[in-house]
Amino acid sequence: MLPTELLSHRQNGETIIPKRLPLDSRNITLANDLIDCFQECVGKRQGELDQILLDFEGDRPDFRIIRGLAHLLKSGFCTFEIVSPLEPIILRQKVFTTSAKLVPSPEATKQTLSNLSILLSQELKREILPQDIQNGLYADLFENRILTQFDTPDAESLIHRYNLSQVQGIFYRATNIKITAHRNVPGEYKLLFRYLKLFQLMAYIEGDADHGFTITIDGPASLFKSSTRYGLAIAKLIPALLHVTKWSLQATLQTRDYYTGASKQGFFSLDSQCNLVSHYSADKTYDSMLEEAFANRWDKLKTDWVLEREVDLIPIPGSVMIPDFRLVHPDGRNYLLEIVGYWRLEYLQKKFYQVRRSDCDNLILAISERLNLEKAGVKLKDTPAKIIWFKDKLSPKAVLEQLDS
């Protein structure tokens, strides 16, 4: 996404309109030229790339567009790495300690680098040249990081990402968002709710899979203290929403007058005909490394129980609960498994509220022992579910034991 200073919006009355780049020959040429700059800089320092981009920008009037496209290329398609024989801070200690024994001079510098190259070559069992030491000495500075990989996009994909980022920036200052997901394929709802869950958004959900859902989300500007992090989480939801076939969105925004700085209200709307393109995969993703690790370990077990990924929507008042897994046995038995490992107070309160209201008699909760349930006001005796405790990793064998019991 784009930082605030690279967002371009205009206001028509109370309606906010983000800037979008048309897919014309001019913009495609501009995108291709920038992509070429990055391709030519693979293996070079970030400082060299920044200078090339600065020269490319020159005094062009469209410099904000250039900076926006370059920012997206850096953050989404580049891999910058610290290239040094040792961690730079350790390397500096060795160089400064060695050089302190000699009188400063160009000859002493050469001698220090030569001595250290021999010493490090022996320690690391590979050839370390004096130039490697000199290059690695301050390799941890941003301008000295090396562009080791560039996943080259095509020009149209880059422009689509730019247009989407401009729209995402609208939601940094949202106070209220209402999404109407009309009747769609149930799998599309699950993908949308999974991202709601992944980004820990505070949402009120009404409806059902047969008629559609209305999702009301509190924006970052409606919190007791405005949260940029929460605003980014809402913005990250938009590419997921694009995978839903039919939907509409209305947002209320808190903006400031350009001339007076006074706070004022703005509005923004979007729907499934917006022609934005998502870069999110429509494939199943895991909400956490904890879930992914559990699923991978389960695959190695020899058991008749089959682990299925997020297949049931459990409607509850004001929300929808999507357990992480379903466990199905050939004899017809099935259980839902929810892994509770996230610590945030609001999350825990909401999670156990959902469990109590779900009216589900085949639910298993795997709860981390590291969570402070008492502080969150959670009382397990009111929880209608089987409980499994775990520390750092959830053991598939512990789940099997609960199933067999």
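The figures follow:
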read-out: Entirely in the stretch 50-164, the helices (runs of 4 or more DSSP H) that have 3 or more residues that are more than 30 Å from LYS236 (Cα to Cα) and either touching a helix residue (DSSP H, G or I) at 6+ places or on another chain (Cβ under 8 Å) or without any contact (Cβ under 8 Å) to a residue 40 or more places away in the chain (or both); value: 88-99, 106-124, 130-136
read-out: Residue count for the stretch 37-49, restricted to those that are part of a helix (DSSP H, G or I) and either at positive phi or aliphatic (A, V, I, L, M) (or both); value: 1
read-out: Which listed residue is surrounded by 15 or more Cβ atoms within 10 Å (Cβ to Cβ) and either modelled with pLDDT of 90 or more or among the basic types (Lys, Arg) (or both), from ARG126, ARG60, ARG92; value: ARG92
read-out: Residue satisfying all of: in the stretch 348-391; among the aromatic types (Phe, Trp, Tyr) and surrounded by fewer than 17 Cβ atoms within 10 Å (Cβ to Cβ); modelled with the lowest pLDDT among these; value: TYR353
read-out: Criterion (touching a Leu at 6+ places or on another chain (Cβ under 9 Å), at pLDDT below 85, in the same structural domain as GLN166 (by TED's automatic domain parsing) and surrounded by 16 or more Cβ atoms within 10 Å (Cβ to Cβ)) met by exactly one of GLY231, GLY219; value: GLY219
read-out: All positions within the stretch 188-218 that are of a type in the set (D, E, K, R), under 17 Å from LEU249 (Cα atoms) and in a strand (DSSP E or B); value: GLU206, ASP218
read-out: Residue list for the stretch 165-183, restricted to those being touching a Leu at 6+ places or on another chain (Cβ under 9 Å), outside any strand (DSSP E or B) and not β-branched (Val, Ile, Thr); value: SER165, GLN166, GLN168, GLY169, PHE171, TYR172, ARG173
read-out: Residue pairs meeting the criteria (Cβ under 7 Å; at least 6 apart or on separate chains; first outside the structural domain of LYS197 (by TED's automatic domain parsing), in the stretch 291-302; second loosely packed, with under 15 Cβ neighbours inside 10 Å and at pLDDT 85 or above); value: ALA293/LYS393
read-out: In the stretch 352-384, residue nearest to LEU400 (Cα to Cα) [restricted to those that are among the charged types (D, E, K, R) and either part of a loop (DSSP other than H, G, I, E, B) or in contact with a Phe, Trp or Tyr (Cβ under 9 Å, 6 or more places away or on another chain) (or both)]; value: ASP361
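The values are calculated or read from the model by the stated rules, or taken from the named source; none is laboratory data. Just so you know, these numbers come straight off a predicted model, no measurement behind them. Backbone-built Cβ (ideal geometry, glycine too); neighbour counts: all protein chains shown.
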